[in-house]
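For reference, the structure is listed below as structure tokens.
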Amino acid sequence: MDEIKEGIEQIECDVLVIGGGTAGPMAALKAKRKNPKANVILLDKANVKRSGAISMGMDGLNNSVIPGYATPEQYTKEITIANDGICDQAAVYRYAEECYGIIQELDSFGIRFQKDNNGEYDVKKVHHIGTYVLPMPNGDTVKKALYRQLRKSRINIVNRYMATRLLTSGDRVAGAICVNTRSAEFLVVKAKAVIMCLGAAGRLGLPTSGYLYGTYENAANSGEGYAMAYHAGAALANLECYQINPLIKDYNGPACAYVAGPLGGYTTNAGGDRFIECDYWSGQMMQEFYDELQSGNGPVFLKLNHLAEETISEIERILHIVERPTRGHFHEGRGTDYRKQMIEMHISEIGFCSGHSASGVYVDENARTTIKGLYAAGDMANVPHNYMLGAFTNGAIAGEDAIDYAADVDFAAFDEADILAEKTRVLAPTRRDDGVPPNQIEYKTRRLVNDYLQPPKVTAKMELAQQRLAEVRDDMNNAMYVSNAHELMRSLEAASILDCADMAAHASLYRTESRWGLYHNRVDYERNDKDWFCHTLLTKGKNNSPTSRKEAVKPYIVDIADDEKDAYNHQRVTAAE
Amino acid sequence: MPLAQSSTSVPVVVNDDLCIADKGCTVCVEVCPLDVLRITDMADGRKTAHMEYDECWYCMPCEADCPTGAVKVNLPYLLK
Amino acid sequence: MNNLFEDFNDIEMLAEDLQSTDAGERIMAVIELTDTADPEVIPHLATAIRDQDINVRKQAAIALTDFDGVSTAAALVGALSDEHAEVRQAAAVSLTELKDPDAGDAIIPSLGVDDEFVLVSCLAGIKELRRADAMGPAIEALKHHSASVRCEAVNVIGWLQDKTSLPALRSAAGDNDALVRRAALTALGFNKSDHAEQILVAALTDSDWQVREAAAETLTKSGSAGCVPSLIKLLEDEYWQVRLKAVRTLGKLDARDAATLIGEQMTVPVPNLRKECAAALGVLAVSDTAKFLEPYYDDNDPDVRKNVRWALEKIAHTA
């Protein structure tokens with residue numbers, strides 16, 4: 001089973017889409033529809049039918065910009081503020097303009113959004129300052145509906161091949177090297193354009209349960225996109241702005257601010273007292289959450305037991321049926337009932353995910369990275385707070401731009417030696433007779449991430465992390481051992497995770513100020529707008545280790561008033577008078 | 001360093017009597033994002049799906065998509 | 001590496017396996033036929049949905065979600081009477097996924113049946129197809145003894161947005177089941193007539209809080225100045241959820257007379273409500289209401305703060 005075989009095959013296509021989760025299928029569909037004669041390949045290390053962050057569906061859109069309920073200007077302003085000012089607005093604005101068209105298109109695919117009893121979109125929380133929440137009552141059918149469209153459009157789907165490195169030629173992308181996750185056979189895909197949709201780096205920190213796969217993100221999203229972009233020479237932006245989310249303790253399902261909040265649920269401390277007013281996920285909110293967890297008032301709970309029975313049933317229906325059906329089993333196992341007990345909460349392990357924060361491959365409003373012909377979309381591309389609809393919309397933008405790019409260029413020549421070198425790197429753990437298995441390399445990396453890299457961030461600790469991670473890297477390069485093709489996939493994931501850990505340490509040390517609340521709380525530095533109102537861009541340096549530079553935030557296209565800038569600051573409930 | 005094996009209880013349970021792996025079904029194996037399920041031969045010569053690797057995100061497609069209701073996903077012991 | 005790409009197999013070859021004597025093989029045939037995404041497989045799936053094995057039938061019912069049109073609908077309607085609940089449920093879900101209005105041809109005849117499950121499923125299926133000829137049977141179904149049937153019938157009527165349905169919706173708004181009343185009230189949102197508004201205003205004093213909430217919410221969409229006095233009374237409702245919807249609608253209706261009463265709600269310790277009150281006060285922009293907002297300029301809830309500051313600016317601008 002999963003026996004390692006020798007083999008290498010080479011194919012070519014106009015556009016290669018890596019990752020068949022959310023952004024990827026949309027990118028492939030849009031590229032194919034714009035140029036039906038083009039050869040578009042959609043590749044996934046799992047199976048496109050159920051791969052990615054929305055494997056089992058999604059309970060709603062958090063960021064729908066629907067005419068009559070919100071405007072692109074309002075949305076761009078909100079995201080700029082939520083992201084502490086560091087945001088290239090053009091990409092956010094373009095998303096906001098185009099996402100309604102994508103909603104309608106998804107609707108026509110059979111993905112259903114909540115409508116009122118007149119068949120009109122039932123956007124929640126209507127007021128003129130903008131409202132963005134659109135529930136999805138049958139959100140569990142998302143992947144099924146997407147897959148149906150892919151099959152109808154006759155997209156070439158390649159399952160169970162994991163891309164390990166991009167091929168480049170000067171400053172252009174030339175294709176990708178992939179390896180079969182069940183046979184270790186290689187596949188070289190020459191491509192005129194490549195769209196990376198590989199999701200978050202969700203296996204970076206270790207969850208408190210200690211179970212390697214009990215992560216907030218789909219555990220298959222182990223940061224290959226970040227690592228591949230890095231090794232290809234692309235720039236990655238603001239990696240120090242980690243993703244950290246509130247969670248049900250031990251069960252890594254979100255704590256449902258969007259579901260329970262509008263219905264009256266809220267976060268409390270152990271005394272049942274509210275300590276933050278607003279459960280909207282921001283770094284500042286997470287800082288208050290963290291402080292309460294660490295204080296004598298902790299831990300933190302989700303309080304629903306004050307709500308009407310009708311409301312609780314509605315919350316259960318949404319949370320237990322649609323997004324993570326095991327949530328109901330979890331509460332049942334612990335004997336917790338929303339009606340009676342409060343639900344213990346915690347914070348998630350750290351990760352990279354621009355979908356919820358801003359840590360991603362640097363892209364412009366066309367989803368182009370800093371490498372020609374290379375695109376990125378979804379959780380791994382740095383359009384901030386982008387969520388699922390952002391992945392669909394920016395995937396569409398990438399697909400349409402990439403197919404045009406591919407029409408005008410020939411294949412880029414690449415160095416055959418790169419393939420041999422990658423083959424040697426990938427197969428090294430198969431050439432040994434014993435050694436350290438990938439799960440131990442991964443566990444140690446992620447344990448070090450928790451010990452030294454998760455906030456509050458301290459210079460001396462992060463420098464220690466770099467030393468210890470270098471030791472793990474040494475072991476990985478010289479002593480990692482795998483016995484079959486499945487473990488080989490895990491060894492490649494372990495390498496991506498280690499790359500991401502190195503990038504997290506480097507980026508966090510580089511920005512010597514605190515920003516985005518808990519996400520980058522450098523306790524030995526204050527916030528410093530004068531020197532740090534900028535992106536930080538990380539690339540692979542000459543000595544094969546990360547290097548960082550500052551990049552100016554592009555001039556705003558939507559102005560932010562001074563008294564709006566602090567919208568997410570000081571959220572702690574002030575003491576009763 | 002030499003290797004040792006250690007036991008672990010796995011969250012995904014397959015009812016062999018309902019599983020139709022014998023008929024060529026690999027639905028659960030295919031839909032798993034982490035690729036942890038495999039088809040195996042049983043003592044009586046029939047085939048069944050089982051959890052080969054304890055690397056589960058308890059996301060449920062294997063249970064939801066199984067055509068005969070043979071698959072049950074429990075929460076991994078460490079976090080339940 | 002012969003099978004690099006997902007394949008598109010020959011339909012007739014796959015369909016042969018539906019003749020197999022082994023149920024497992026027939027299930028696999030259904031799955032592979034579905035994955036072709038080719039409408040030519042519909043007749044084969046329509047056969048499979050009448051298979052002798054329950055799992056084959058269930059798989060076919062699920063599979064038909066991926067297809068559309070009248071023959072898909074006909075096969076699904078047939079399966080609503082399957083002897084096994086799992087098959088019936090799967091068929092009902094697939095029915096709601098239809099998009100092609102022509103598919104309704106296979107559903108309309110079943111809108112006259114008496115069976116509760118079949119009727120609920122057919123009404124849910126026809127709703128999104130917006131077939132005008134479903135109106136008559138839907139109104140008829142309002143007399144059904146099952147509240148679930150009456151609820152789905154109201155939804156069908158609401159989606160059609162036809163003003164001739166007002167008498168039917170009026171009677172549904174007086175149903176003895178609260179869910180039916182709620183559905184009927186929200187269905188009235190398309191119509192801005194006095195008649196519709198009277199029905200909604202009457203419901204603001206319903207005994208069920210979610211019915212009152214639905215009526216107040218629908219008035220945001222369709223209400224006129226005439227309903228302001230009743231909405232003001234609703235500001236004393238015991239449920240903040242109901243008050244919240246009343247505040248929203250009063251803002252939308254530019255009910256400046258209500259500004260002070262809305263301002264007084266700012267002291268309620270539910271941020272959801274404060275947020276809504278601040279937004280409404282900004283819309284109304286009545287100068288002496290600034291005093292209700294000022295204490296919340298630095299509210300701990302960013303959304304409240306944002307609305308308060310915005311509202312204060314609007315009020316200052318008006319003054």
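The values are calculated or read from the model by the stated rules, or taken from the named source; none is laboratory data. Nothing here was measured: the structure is a model prediction, and the numbers come from that model. With ideal geometry, Cβ positions are generated from the backbone for all residues, glycine too; neighbour counts draw on all protein chains shown.
For segment A:415-445, the set of residues classified as within 14 Å of another protein chain (Cβ to nearest Cβ) and part of a helix (DSSP H, G or I) consists of A:Pro429, A:Pro438, A:Asn439, A:Gln440, A:Ile441, A:Glu442, A:Tyr443, A:Lys444, listed by residue number. Evaluate the following for B:Arg46: is it within 14 Å of chain C (Cβ to nearest Cβ) and either within 21 Å of C:Ile27 (Cβ to Cβ) or touching a Pro at 6+ places or on another chain (Cβ under 9 Å) (or both)? Judged against the criteria, B:Arg46 is a match. Under 29 Å from A:Ile54 (Cβ atoms) and either within 14 Å of chain C (Cβ to nearest Cβ) or part of a loop (DSSP other than H, G, I, E, B) (or both): does that describe A:Met285? Yes; evaluated as a whole, the condition is true for this residue. Every condition in (1) crowded, with 24+ Cβ neighbours inside 10 Å; (2) in contact with an Asp or Glu (Cβ under 9 Å, 6 or more places away or on another chain); (3) of a type outside the set (Ser, Thr, Tyr); (4) under 15 Å from A:Asp379 (Cα atoms) holds for A:Ala229 except the one numbered (2).
Taken together, the residues in segment A:198-257 that are within 13 Å of the chain's Cα centre (by Cα) and either more than 14 Å from A:Ala507 (Cβ to Cβ) or within 14 Å of chain B (Cβ to nearest Cβ) (or both) amount to 17.
Residue count for segment A:299-343 under the criterion of being surrounded by fewer than 18 Cβ atoms within 10 Å (Cβ to Cβ), away from every other protein chain (no Cβ under 11 Å) and outside any helix (DSSP H, G or I): the result is 8. In segment C:9-33, the residues that are without any contact (Cβ under 8 Å) to a residue 40 or more places away in the chain form Cβ pairs under 7 Å with partners that are surrounded by fewer than 18 Cβ atoms within 10 Å (Cβ to Cβ) and among the polar types (S, T, N, Q), at six or more places apart or across chains, as follows: C:Leu18/C:Thr47; C:Arg26/C:Ser20; C:Glu32/C:Asn9. Any chance segment C:55-66 includes a residue that's closer than 15 Å to A:Gly110 by Cβ and modelled with pLDDT under 95? The answer is yes; a qualifying residue exists. Evaluate the following for C:Pro167: is it under 19 Å from C:Ile108 (Cβ atoms), of a type outside the set (Gly, Ala, Ser) and either touching a strand residue (DSSP E or B) at 6+ places or on another chain (Cβ under 8 Å) or at pLDDT 95 or above (or both)? So C:Pro167 fails the test.
Of the helices (runs of 4 or more DSSP H) lying entirely inside segment C:191-265, those containing at least 3 residues that are within 11 Å of chain A (Cβ to nearest Cβ) and either surrounded by fewer than 24 Cβ atoms within 10 Å (Cβ to Cβ) or modelled with pLDDT under 95 (or both) are C:209-222, C:240-252.
Residues checked against (1) at pLDDT 95 or above; (2) in contact with a strand residue (DSSP E or B) (Cβ under 6 Å, 6 or more places away or on another chain):
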{"site": "A:Arg334", "(1), (2)": "no, no"}
{"site": "A:Gly378", "(1), (2)": "yes, no"}
{"site": "A:His385", "(1), (2)": "no, no"}
{"site": "A:Met388", "(1), (2)": "no, no"}
{"site": "A:Thr393", "(1), (2)": "yes, no"}
{"site": "A:Asp404", "(1), (2)": "yes, no"}
{"site": "A:Phe411", "(1), (2)": "yes, yes"}
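Residue count for segment A:257-267, restricted to those that are closer than 27 Å to A:Leu453 by Cα and surrounded by fewer than 24 Cβ atoms within 10 Å (Cβ to Cβ): 1.
Evaluating A:Met345 against the criteria (1) touching a Leu at 6+ places or on another chain (Cβ under 6 Å); (2) over 29 Å from A:Thr267 (Cα atoms) leaves one unmet condition, (2).
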